[in-house]
Amino acid sequence: MKKVDLHSHTLVSDGALTPIELVERAKANGVSVLSITDHDSIGAYDVLSELSDDNLKIIPGIELSTQWKGVGVHIVGLNFDLNSEQIREGVAQQGNSRAKRAELISERLIKAGLSISLERVKEIAGHINIGRPHFAQHLIELGVAKDTQTAFKKYLGNGKAGDVKQCWADLPQIIKWIVGSGGVAVLAHPLKYKMTRTRLSLLLDDFLEVGGRGMEVVSGCQTKDKTNVLSRLCVEKGLLGSCGSDFHQPSQWSDIGKMADFPSNCEPIWNTWN
Ligand code: AMP
Ligand code: MN
Ligand code: MN
Ligand code: MN
């Protein structure tokens, strides 16, 4: 079966590789269909002159941040027109939200007694698309967290001082940008939100109602149990199945193209493209 990876990051957001390095690594790992889905940005596609060649098909993608009933949720948009005004507008708006959020995170952490420098965080990010992992790196260099995991646990994760909610466009708007530019909307890593099964089912109902079409049934090297739970939900809701490593950098989480097997009872989203 061909190796498909529809969720990955570069240093355009919080990944470590350049878009070209990521594409090379994907090829080396035997990936034949790839999407680069940076957080709220399509900047990676500006530096890739050729989208596809004989060995690798590249599908335009993005991972948009939103919230649903107070929970931060990620929606992957796939196979849209990179030049569409809708997606460009979405990226611009989410970029502004990210910049404002960075200021709020910085203020909140300073209030919590930390000597944060937003200028330094911007320097770490190397671009304006600042994410919490860049704050995590700053917290590590300040000596208040020993690693990224600890930085999230103490300062940036759910309910902590640096967890700023309600700043992203809402779910209907996010899906409108994706669908309006010819793409499909996929719920990213559904088990990461730590919702009960009932709540996740409600989220999927709302997602479907506003035009969502797919869900990730495989996210990285998950267990068989998790694949079973997700594939059942996918079939029950009549959604298309997607899969991705959510690769950020070598030796953190899954490598590009390294994922659990795709469940045979789900309809692969890439079969609807051709
Ligand atoms: P943001 O886009 O600024 O909300 O940051 C979310 C990103 O932070 C995710 O895409 C992950 O890359 C990273 N992240 C989230 N939780 C953790 C964690 N517990 N440990 C390390 N990285 C995390
Ligand atoms: Mn990330
Ligand atoms: Mn995500
Ligand atoms: Mn991701």
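Quick notes
- 0 to 90° range, to nearest 10: angle between helix 224-237 axis and the chain longest Cα axis: 70
- Principal-axis tilt of helix 132-141 within the chain, Cα atoms, nearest 10 degrees: 40
- Rounded to 10°, Cα long-axis angle of helix 85-111 versus longest principal axis of the chain: 30
- Options SER117, VAL23, GLY180, ranked by Cα towards positive dipole end of the chain, top entry (Cβ charges): SER117
- Per-selection Kirkwood Rh - region 98-156 (Cα, Å, 1 d.p.): 11.1
- Counting only DSSP beta bridges whose two residues both lie in the chain, roughly 45 percent are antiparallel.
- Evaluated with a Cβ-only charge set (Lys, Arg +1; Asp, Glu -1), region 98-156 carries a dipole of roughly 260 debye about its Cα centre, given to the nearest 20.
- The gain in end-to-end length when the HIS127 to ASP163 segment is fully stretched comes to 10.9 nm, 0.36 nm per residue minus the alpha carbon separation.
- Only helices enter the 222 nm calculation for the chain: every DSSP H run of n ≥ 4 contributes -39,500 (n - 2.57), and dividing by all residues gives -11000 deg cm²/dmol, rounded to 500.
- With contacts taken as Cα pairs under 8 Å at a separation of at least 6 residues, the chain carries a relative contact order of 20 percent.
- Under Karplus coefficients 6.51, -1.76 and 1.60, residue-wise ³J(HN,Hα) of region 244-250 in Hz, glycine/proline x: x, 7, 6, 4, 10, 7, x
- Within straight-line cross-link reach of LYS3, lysines at Cα separation under 19 Å, skipping those fewer than 8 residues along the same chain: LYS27, LYS57, LYS224, LYS258
Here, each number is a calculation from the coordinates, and none is a lab measurement. Computed from a predicted model, the values in this text were never measured in an experiment. Here Cβ is always computed from backbone atoms with ideal geometry, including for glycine, and neighbour counts include all displayed protein chains.
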